[in-house]
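Trainee: Pasting a structure here, questions to come.
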Amino acid sequence: MTMAAVQGQHWVIGDVHGCHETLVRLLSVLPLNDHLVFCGDVINRGPAIADCMNLVWELVCAGRATWLRGNHEQTLIQGLEQSPASGHGELLTIDTYRQLGDGLSRQWLQRLRQLPEVFQGEGWVAPTPDLTTPVAPTCTSVNPSGITTTVATAGSLSVIPRDQLLSAKATS
């Protein structure tokens with residue numbers, strides 16, 4: 001999935017977890033021309049997982065958002081790939097699978113496989129939280145090169161300078 005160059009503000013949002021009403025309220029107060037970066041875990045746990053998935057995917061397709069693959073998306077992908085038969089083992093422990101059912105979960109598989117693990121802004125990187133240890137507190141504004149990035153998350157999310165992430169990956 002190719003990321004278009006994004007100008008202006010970025011809103012980094014983590015751990016939506018199927019809470020559609022809360023997501024709609026958040027989106028209603030964000031500027032329409034700003035870019036949204038969903039740092040994984042759009043799915044699982046909440047009461048309206050399919051609605052969240054559809055809304056975020058529509059934003060991605062419209063070029064307004066980037067949806068990163070979180071651990072919950074990865075767990076569903078692995079479960080679907082490892083269980084060719086419906087309702088098998090680990091899949092039944094995944095809220096997304098139980099809410100969507102086998103057919104709809106499998107329809108989402110190709111889209112979920114496309115999700116990137118990192119979003120690169122100008123001078124900063126928003127990785128999926130599982131990729132790094134948090135090095136910045138949540139709800140932080142970052143202003144590299146005059147571009148404002150606002151982090152709004154309920155989970156442990158990091159927005160870190162790109163050179164710091166690259167140097168950390170080089171030593172691991």
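Trainee: Could you put Ser83, Ser28 in order, starting from the residue whose Cβ has the fewest other Cβ atoms within 10 Å?
Mentor: Ser28, Ser83
Trainee: Ok, one more. Rounded, prolate or oblate for the range 75-123? Axes are the square roots of the Cα gyration tensor eigenvalues, ordered a ≥ b ≥ c, and the cut-off for rounded is a/c under 1.5.
Mentor: Note, shape of the range 75-123 comes out prolate.
Trainee: Note down the nm distance, to one decimal, between modelled labels 7 Å out along Cα→Cβ at Leu32 and at Arg45.
Mentor: Roughly 3.1 nm, to one decimal.
Trainee: Give me the extension gain from Val24 to Arg106: residue separation times 0.36 nm, minus the current Cα-Cα distance, reported in nm with one decimal.
Mentor: 27.0 nm
Computed from the coordinates by the stated procedures, all read-outs in this text should not be read as laboratory data. Since the structure is predicted, the reported quantities are computational estimates derived from the model, not experimental observations. Using ideal geometry, Cβ is built from the backbone for each residue, glycine included, and neighbour counts are taken over all protein chains shown.
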